[in-house]
Structure formats: structure tokens, C-alpha cells
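Heads up, the thing below is written out as C-alpha cells.
The values are calculated or read from the model by the stated rules, or taken from the named source; none is laboratory data. In this text, all values refer to a predicted model and were calculated from it rather than measured experimentally. Neighbour counts are summed over all protein chains in view; Cβ atoms, including those assigned to glycine, are modelled from backbone coordinates with ideal geometry. Only protein heavy atoms, including side chains, enter the accessible area calculation; ligands, DNA and RNA are left aside. Shrake-Rupley method; radii C 1.70, N 1.55, O 1.52, S 1.80 Å.
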Amino acid sequence: MIYTTLQISDIIKAQYVGKHDCEINNLLIDSRNIISSPNTLFFAIKGKRHDGHEFIDELYNRGIQNFVVEFLPKNNFSFPKANFLIVKNTLRALQDLATFHRKEFKYPVIGITGSNGKTIVKEWIYHILQGKKRIIRNPKSYNSQVGVPLSVWLMDENYNLAIFEAGISLPGEMEKLEKIIQPNIGLITNIGEPHQENFKDHKEKATEKLKLFYNSDILVYSKDQGLIDELVQKDDMLSKKKHFTWSENKGTDLVVKTNQKGNTTEIKFYSGKCYDTLTIPFTDKASVEDAIHVLSLICALEVNPIEFKNRFENLPPVAMRMELKKGANNCSIINDSYNSDLNSLEIALNYLSQQNQHRKKTLILSDILQSGKSDKELYSLVASLLEKFKINKLIGIGKSIVTQKNQFKLSQVFYNTTDDFLSEFNKENFCEEAILLKGSRNFQFERISSALEEKTHRTVLEINLNALVHNLNYFRSKLKPETKIMVMVKALSYGSGTFEIANILQYQRVNYLGVAFADEGVALREAGIKIPIVVMNPEESSFELMLKYQLEPEIYNFRILEQFINELEKAKLKVYPVHLKLDTGMNRLGFLKSEILRLIEILKETKTIKVATIFSHLVGSEDPVHDNYTKKQISLFDELSAKIINKFNYPIIRHISNSAGIERFPEAQFEMVRLGIGLYGISATNQEQLSVVSTLKSTVIQVKQVTKDDTIGYNRKGKANDDMTIAIIPVGYADGLNRKLSNGKGKLYINGFFVPIIGNVCMDMCMVDITGCNIHEGDEVIVFGKEQPVTDLANALETIPYEIFTSVSSRVKRIYFQE
């Protein structure tokens, strides 16, 4: 359906300020996901720290002409072609528009909620029924207060079934989502710990989730979920609905029995008169439960599941993440190759467009299967997406996309199969570019990913960008709305990477980045990072480079100040920002109290320096034993910085709080804070509130038997007191596994077991005692991560997590993933 701005204005009850009516094809809520089209409608949603109204000027200059706002811009006369739809609440307006749109369609809508498994169940229902039904569903896990309306907006007459998942984190949210989704068929997976922090108990959360189904015709759930069953039976509305239930016990509509067979699980089921067996390619408890939910829903739809026996046998792992890896010839590889449809393609292209480290953007795309559209219509839409996101080159793989090559107006190469592509593959054809792999699973694009990668070391450091953003938002929640934030990305972002981390921080609109040395800042600038960068350890030899790349120095003594002023005068620059470091008790770098008056005199005399910020460094903000000293530091900083600020007639930002300071000394926020180790998942007070960002993992490459009295490793330090089984792991001290963890001091986590390191850690590998453990060659090994916190490793070494993170060597491949 096509709406116009005047129609939408009526739907959301807006005051219309504009001179023309305009058709709307796209909705936009995030100015960073820019779609340069006059047919886009931007909702200026106000959040805790960001206000969409602040970006109207930028969006208008980039081609957006239609805005839903809560107030007009002060300079609204500067937007002669714009239409403004003024409402009381822009988020509510977005939801109201989606609610209206949903009512225009009469085909069935499946609503899914629960604590775990929502996205996997949704994707597997799609996998089973696609082709038999033309299905629209949430892109990835767009299940929030904004994600659901944007998903429902995608409904059109080309589909005959919709599947939407709904997630909540606060009481009162599900009633809003129910009005938008209006599901005819409901499915709740389970109730567990996720998002529990804002609910009194599981009962309150389950009660809230079940509100999604108050107007549904049928509800599907497991009676083995006792709390869900109890609440359904006691609820006046839900108890009267038609239910379809399953259990491993009798007395339900579907009775199942499961049996693991190797790497598969056999599901025997009985429903009505139907008794049969399905096999799925998973053995873990969560996947088996998710598959039975899917089976139950198909039975509830009165469809014979045996029709889809082959599809159950080939249920794909649901790729909940896009992986970013370093490729050969300085390329970046984005692997999103487990599914391919228009919605997920648009999300992936948006992520590709954020890779500022490369000007050239390449898409390797397979046929998009079972879209419900003709090839001509489908690839016309794909071509429009590639133009919108300014993709430079397309490599198309598949017999369908080959027939539509004339629709693409960019550099292009086509192959009928993945084998054809690989037979002609030459790494030298890819250089200095960001490459997105987007393919349907049966095209096996993981083979292309492997061919493009730079490193094949089996030890990798996985960096979860969603966790990093979660941690950033946790610390932001501790700040006043006006408080700015600088994030420290020195030392390869605490071992996590350079531009990969800086890119996501720039996207999240942090105010400053901090690096240790100028060459780190230069690398970020060359990777397309545009936000201010402070160099904490500037050297005279790097000043010229810093000016060239607009890097701002920390000034910590009179020598460096004089040298930088001389460099500015030589470069004939009039005003340049600097950052003054005060020593309030660290006794490291910084001006002392006795030097402040002389510092002010010099700064007043020079016309080339502008003081951007004044800062200091807390000594022990994480440790309560030093609280009195920390408070003295804060007080001294306030006193000294005020003396400087009072001598200048422009605003100067102050900052002293680090990660622990943000949590423990809210009174010391001043105008900005510096976030470091906290971003990477280490908290002084609320460790459980932070997510694990980095996981160092490897693989068991050999299992062998060692007889009693034999020795293991160099210098015969490891001795078998009895016959034992050992595993060899390709991670050693050259990768960052400290040699002090040798001989039982350190442990690794493998397949549910903590196993001790035996013998000395070698340069490239180590050995662990796995006697009596169910561990095999090929099993995953966790050095540190969620299962084995980095703090445990640090405690074993009597050091700090900083050292562990920054010790992971550059030869260890970094893999970045994001949902």
C-alpha cells in the first residue's frame, strides 16, 4: 500500500505543516541509517540521550523532506521543501501508523514471545513453510517498541502469512505491541532470566508476555512450562481461548519423545490420529525445544508436518550475527551468509555502508530463494538497494540472478554456482575493500569466506559488538543527559581492534576517542573516523603528523606546551584545540598545583591554543579503601580547573572520572567522563550488569594417551602420576596465554569441563589434562570469555584484566560479530 503524508497525518492525528503532499515508501527512525529519498518519512524520536529532532538539518541536507516531530525546528523556514507532521509523541505516532497499517490486511498473523528462542522459532517456521506460504517476518530480531512497528510496516498484499516476534523489558510494553501485531495465532516459548531486571519475578514477566495473546484465536505452548500453563488456566481471557499444547507426557494435543542419535535428534510425536517421527540436525536441549515449538505450531495450523520431513532434517543454524573479519590484501569481510532475503539484505547493506575504513564496497550475493516475487521484480528491488547504499561492485552467484544482470548499473560479475566462482578465484582481485557475503545457505558461502580471509590460525578472539554497545549504554545510563563521553581505544582498544571498535563508537555518537600515540590516531583517521581524537602521549616528532590528521594533543608540561606552540606557529595555524592534564595525585604526567598560575599566563599570551578540555587521572577509584584519597583528588581537580576556566571567556570541558569513577562517584561527572575498561565488560561494582565483549577461543587439535610416569612438554615439567588423557590446544604464549599458567596454575574450559594446563605453556600450543572428560578432537576451547571470566584468569596470574586483554597478540585473528 502507498500512503501519502496527508493520509499519514490523519492517521496519527498530526498538525500538518507543509506545502505539498508526498507519497511515502520508507520509514526512518535513525539518522545514521540514511535513505536519501524524498519518499522517506523520518520519525524524530526522543530517547534518554539522543533526540531525533537534533538531526533534522542534517537529514534535510541529505534529501529527506518529510518529518514527524513533537515540535518544529527553530529555523523551520530553512526547510522550504519539507513537510512536518507535529504530534505529542513521535514513538506513539510510529506505533499508531503501524497499527493502522496492520488492520489493512486479513491474512493470518503469528505472534511469538518468550524469554528464549523467539527468533530461532520464527526463522524455523519461515524455513518450514516458505514456498507453501508467502511469508513476511521481522528482520532479524526487530522485536522492540520501535522494531515491531517497523516490521509490521513491511506487510503488503504480496504476502499471505506474517510472523512477528515481540520482546519486552518493562511492564506495560506488551499491550502496545499487541495492538500493533494483532496476532491471530500465538506462541510462547518459555520463561527464563533474560530481561528479568525490571520485573519482580518470573510470574510478573510471564503475565506481561501473555498479554500479546488476549485477542488471538489460538494459543500454542508447552504444558511442561508449568508457570505458563498455570497463568493461562487462571486468566479469565486466555483460559477461554483455543489452546494447542505439547508435552513429553500424555494429556496434551501433541505428545513427543526425543532420542539423540549421533549429531541428530529423533522426535517421535503423536497428535490426533497422526503418529510419526521427525529428525532434526541438533542435539542441544534449546534447539530440540525450539523445533518442537515449530512442530506444534504447524500441527495447530492443521498442516501435516510429514509434508516437511526433509525440511526438518535440514533445519539451518540461525545466524543471529554478522561476522566482520580481516581479509587478504587489507580487505574487510562481512560474513552474513546463512540466509538471504530482502529485509536482511537491507540490514546487512547498511552495516556494509558503515565500514568507513574502505571506500570501495563489494557485495557477493546468491540467488534469493522463495521470495514470492518474480525474478524481474525481486532483482529490480535488489538493484535499488545497491544504488541506495552506493555499492561499487556486485558479484552475483546463481542461475536466477544471472538472468537479471541487465538490471544492475554498477561493476558486476556473475557465476552460475559457487564452484564456478571458486574455480576462477584469485585473491589479488580483491584489495582495500569491504566485502559483504550474503547468500542462501545451500550456496555454501562459508567456502568463499574462507578463501577471502587473511589468517587461518585456529585460535581467534571473538568480539561481540552488541555486548560492547550494551556496556556503553550501561555507563551512559549512569550519566546526566548533558554529560559527554570519551572512550579510550588505546592499545588496540584493549586488544579488541582499532577501526572496528572506533567505527561502532562513532556510530553510537560518542564525543571523543582517546589513543596513546599519534600513529594510533592516524590509523583511525585513515579508516574514516571523523570524531575528535585525543593523543594522550604526544611526542614532538609526531606533531606535524597530528596537525595533518587533526589529532588533538594532551599537554602535560611546559616543555611539550612550548614545543606544540612552536609547531603551530611554524604551520601558521591560528587556533588549535589542546587538552590540559593536571596531576592531582597520580604523580605521573600533568601540571602540578604550583604550576597553574604560570600555565594560565602562557595560555593567555598565545593566540594559537584553545583549551578544549582539562582533565586528571584518578588513582584508585575502584577500591573503597582509597575513597578518601579519590575525593581529595576530585576536590583538588575542581579547584585547579576552576582557576583556569575563570580566566577564559569560552566554555572548557572537564573530566576526571574513569569507568569505576562513573559507577562510584556520580558527583564527579563534570562535563565529560572517560570510559575505558568498563566498555569491555569490567565493572567495579556491578559486574552482572555488563556483558562479555571478548572471548579468546581455540580448538582441540589432538587427543592422546599418556602412560604413568611419562612427562609432557618442555623440560619434562608435566608428569603423569597415573595413566592420563591429554589434549593439545594451538594456543601458546606467543598468542597471549601467559607462561605462568603452566603446570596446573591455569585452566581452560572445554565442553563443560575446566581442565588444568599440564606441563609448560609452549610458544604456539599448550597441553591440558582431560582424563575422564567427554572431550574430543575438534571441540571448542575457551581461554577466557563468558564461561571463564577474564577476571579469574587475572586473579590466577595476580594481575589485572587490562594486561590479559592487551596481551592477546596480533597474530590471533579478530572476528567481530553483531546481531
For this session: Let me know the Rg and Dmax you get for the chain when you use only its Cα atoms, in Å.
Result: 29.2, 93
Exercise. Which whole-angstrom value gives the distance between the alpha carbon centres of region 456-502 and region 219-286?
Worked result: 41 Å
For this session: With unit charges on the beta carbon (Lys/Arg positive, Asp/Glu negative), name the residue among Phe665, Pro756, Tyr680 whose Cα is farthest towards the positive pole of the charge dipole of region 629-782.
Result: Phe665
Exercise. Quick one: Cα centre-to-centre distance for region 49-64 and region 71-95, in angstrom?
Worked result: 11 Å
Exercise. What percent antiparallel are the DSSP beta bridges of the chain, to the nearest 5?
Worked result: 40 percent
For this session: Show me 354-363, 281-290 ranked by packing, highest mean number of other Cβ atoms within 10 Å first.
Result: 354-363, 281-290
Seminar exercise, completed: Given unit charges at Cβ for Lys, Arg (+) and Asp, Glu (-), the dipole magnitude of the chain about its Cα centre in debye, nearest 20, is 1240 debye
Problem set entry | Which of Glu667, Glu433, Glu605, Glu178 is most accessible, then next, and so on - probe 1.4 Å | Glu605, Glu667, Glu178, Glu433
For this session: Could you order Arg447, Arg739, Arg525, Arg588 so the one with the most accessible surface comes first? Probe is 1.4 Å.
Result: Arg588, Arg739, Arg447, Arg525
Exercise. Got a number for the accessible area of Lys176? Probe 1.4 Å, square angstrom, nearest 10.
Worked result: 90 Å²
Problem set entry | Heavy-atom accessible area ranking, 1.4 Å probe, most first, across Lys74, Lys438 | Lys74, Lys438
For this session: Roll a 1.4 Å probe over the protein heavy atoms and report the accessible area of Glu54 in Å², nearest 10.
Result: 130 Å²
Problem set entry | Entries of Lys480/Lys786; Lys480/Lys530; Lys326/Lys427; Lys704/Lys747; Lys106/Lys376; Lys48/Lys610 with Cα pairs more than 21 Å apart | Lys480/Lys786; Lys480/Lys530; Lys106/Lys376; Lys48/Lys610
Exercise. With the contact rule set at Cα under 8 Å and sequence spacing of 6 or more, what percent relative contact order holds for region 750-819?
Worked result: 21 percent
Problem set entry | Heavy-atom surface of the chain, accessible at 1.4 Å and reported per residue (Å²) | 44 Å²
Problem set entry | Helix-only [θ]222 nm of the chain, DSSP H runs n ≥ 4, -39500 (n - 2.57) each, per residue, nearest 500 | -8500 deg cm²/dmol
Problem set entry | Convex hull volume per residue in cubic angstrom - Cα atoms of region 241-284 | 83 Å³
Seminar exercise, completed: Among Lys118/Lys393; Lys19/Lys179; Lys13/Lys103; Lys176/Lys203, the pairs whose Cα-Cα distance exceeds 29 Å are Lys118/Lys393; Lys19/Lys179
Seminar exercise, completed: For Lys607, counting only lysines whose alpha-carbon sits under 21 Å away and dropping same-chain residues fewer than eight positions off, the answer is Lys548, Lys570, Lys572, Lys574, Lys581, Lys643, Lys647
Problem set entry | Euclidean distance between Cα centres, region 750-816 to region 590-612, Å | 49 Å
Exercise. Looking at the square roots a ≥ b ≥ c of the eigenvalues of the Cα gyration tensor of region 453-531, which shape do they give, rounded for a/c under 1.5, prolate if a/b is larger than b/c, or oblate?
Worked result: oblate
Exercise. Mind ordering 591-600, 97-106, 725-734 by average Cβ neighbours within 10 Å, highest first?
Worked result: 725-734, 97-106, 591-600
Exercise. What part of the accessible area of region 238-343, given as a whole %, is carbon or sulfur when the probe is 1.4 angstrom?
Worked result: 46 percent
